[in-house]
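The values are calculated or read from the model by the stated rules, or taken from the named source; none is laboratory data. All of these numbers come straight from a predicted model, not from anything done at the bench. All Cβ positions, even for glycine, are placed from backbone atoms using ideal geometry, and neighbour counts span all protein chains on display.
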């Protein structure tokens, strides 16, 4: 389906849902198909925030793997100057351990 047509189809659905104070999750498969025969049976499972985020594939996206990679890069860059310094107990802090600690401070599902 051409982008313009897809935009019109979804826009009409959004206007309808706003008027009825509903959200996409409330649409039945029949309502999706009434909007366009391009919507297949799996549309309900595919129109979720999680599916949308996971479908992104660019390095700068919000996909879990892209976020994890960005956090790893950030942790390595931010913590590198602190590597090989000693803490109050005179233990050496390695960059790898500090990166791991930084990563571990975030929810596990960010690093799928």
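Return only the number of the condition from (1) in a helix (DSSP H, G or I); (2) exposed (fewer than 13 other Cβ atoms within 10 Å of the Cβ); (3) at pLDDT 80 or above that residue 69 does not satisfy.
With respect to (1) in a helix (DSSP H, G or I); (2) exposed (fewer than 13 other Cβ atoms within 10 Å of the Cβ); (3) at pLDDT 80 or above, residue 69 is out only on (2).
Among the residues in the stretch 51-60, are any at negative phi, assigned to a helix (DSSP H, G or I), in contact with a helix residue (DSSP H, G or I) (Cβ under 8 Å, 6 or more places away or on another chain) and modelled with pLDDT under 80?
For the stretch 51-60, residues at negative phi, assigned to a helix (DSSP H, G or I), in contact with a helix residue (DSSP H, G or I) (Cβ under 8 Å, 6 or more places away or on another chain) and modelled with pLDDT under 80: present.
Of all residues in the stretch 29-41, which are free of Cβ contacts under 8 Å to residues at least 12 places away in the same chain and either surrounded by 10 or more Cβ atoms within 10 Å (Cβ to Cβ) or more than 21 Å from residue 2 (Cα to Cα) (or both)?
30, 31, 33, 34, 39, 40
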